[in-house]
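For reference, the structure discussed in these notes is given below.
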Amino acid sequence: PEDWYQRYGVPLHLIRHFANRYAEKIELPPHLRDFARAGGILWYNLNLKGPGWADVASGEHNETIQEWAAEVASLKPVQVLVVPFHEPEKYLGDPGFAREDYLGLWAVIQDIFQLEGTSNVVWGMNFLGKRNAAGIGKMKEVWPGAHRVDWIFFNFFQTPCSGTHEWTFEELCGAVYNALEGASDEFCGDSVCNFKSKPWGLGAFGTASTTEPRCSDHDSFSEGFDSTGAVPLVQRVSFFQMATASMASFPRLRAYVYFDNFDSAVHRLEAENDSSLAAYREYLRSPAFSKADELWLSHFSLANFSAAFTSPSTSTSMPTGSPAAIDSKPDALNMRGDSQRPATSYSRACAGSSLVLLLVAAFHC
């Protein structure tokens, strides 16, 4: 966090850690524990990178889930954002990755967390966020239900990997945002989706600013680009400018997490003297985050910040100890951030009529 503050001149508020069993990332390193206990917000992302959802739902990985639960519980009373198996839509339909398997996975994980006494959890769902009708259909298929989820996140990228290199920030965000709004009153399985009952956020977004390939087997690369194509500079600058300018257009969004990794990395642009970095810095210094910075610098403590990260579905007021400067409505939380590799994920926050968190995520894949 200190390095990031020195680079951009703004404090970090949240660290995102990918707890991958096979990368030996379940146990939190000391610096993450120190950060959380000092008042930082921890995003603990559950993943196995290998076994199918059916294996998890059948109980084959209960021991790993117990380890996850123990790690989160060890940080009590700090509340932790736990996100199980992000971007499930891109695996849906593969062998061992059926809808009922994903819903069963969520049920097993939450049951074990409850049995282990891990009560300091805010549950997050992170959609891949495809922009077409098939995409929203898949989001509805993998939705665990409003009774299980506290926060909704979705992702999007301006990149030739998925043919979105000419889409603006507002077009990319609006396509998924509007689709979720439109589907909120529809049925997801046997019950109404009710997406609008939750705070939303961008779990990862970015623009292809470097030549490092990122395309996966699930991407369809755009004609005319090779695997190292970058979005033109003028579009990348506009992307960051519109990210700031269009915040009012998406009032349900409470989180903006920039994916500072792979082809959308910006932390490496300093050496290249790339002018889009200046636009990114301006984005980070948006006035929307100024009150959060004041709060963060004045009240970096366990009671004041981590306890303030509550879900509207589980609480109607901030826990005792939160500063009066924070709005008493948990659903006023907002976030945005940045992701780097191989470090962990980091974030920062602000408060006022709404609490804005800058999520600076450095991914542990």
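The values are calculated or read from the model by the stated rules, or taken from the named source; none is laboratory data. The shown structure was predicted, so the numbers you read here are calculated from the model rather than taken from an experiment. Note that we place each Cβ from the backbone using ideal geometry, even for glycine, and neighbour counts take in every protein chain shown. Surface areas here come from the heavy atoms of the whole protein model, side chains and all, with no ligands, DNA or RNA. Shrake-Rupley method; radii C 1.70, N 1.55, O 1.52, S 1.80 Å.
Excluding ligands, DNA and RNA, what is the solvent-accessible area per residue of the range 104-154 at a probe of 1.4 Å, expressed in Å²?
I get 34 Å² per residue for the range 104-154.
Using a probe of 1.4 Å, the accessible surface attributed to R268 totals some 90 Å² when neighbouring protein chains are kept in position. Computed log10 I(q)/I(0) for the range 120-177 at 0.12, 0.15 Å⁻¹: -0.33, -0.49, from the Debye equation with unit scatterers placed on every C-alpha and solvent omitted. Sequence-distant contacts, meaning Cα pairs under 8 Å at least 6 residues apart, place the relative contact order of the range 15-173 at 21 percent.
Which whole-number percent is the relative contact order of the range 111-208 (Cα, under 8 Å, 6+ apart)? Spell out each step's value before the answer.
Working: 135 pairs, mean separation 32.4, N = 98.
Relative contact order for the range 111-208 comes out at 33 percent.
The protection proxy used here, the mean number of other Cβ atoms lying within 10 Å of each residue, ranks peptides 26-35, 162-171, 64-73 as follows, highest first: 64-73, 162-171, 26-35. Size descriptor for the range 56-116, Kirkwood hydrodynamic radius: 12.5 Å (Cα pairs only, one decimal).
Rolling a 1.4 Å probe over the protein heavy atoms leaves M139 with an accessible area of roughly 0 Å². Sorting L284, L233 by solvent-accessible area of protein heavy atoms yields L233, L284, largest first, with a 1.4 Å probe.
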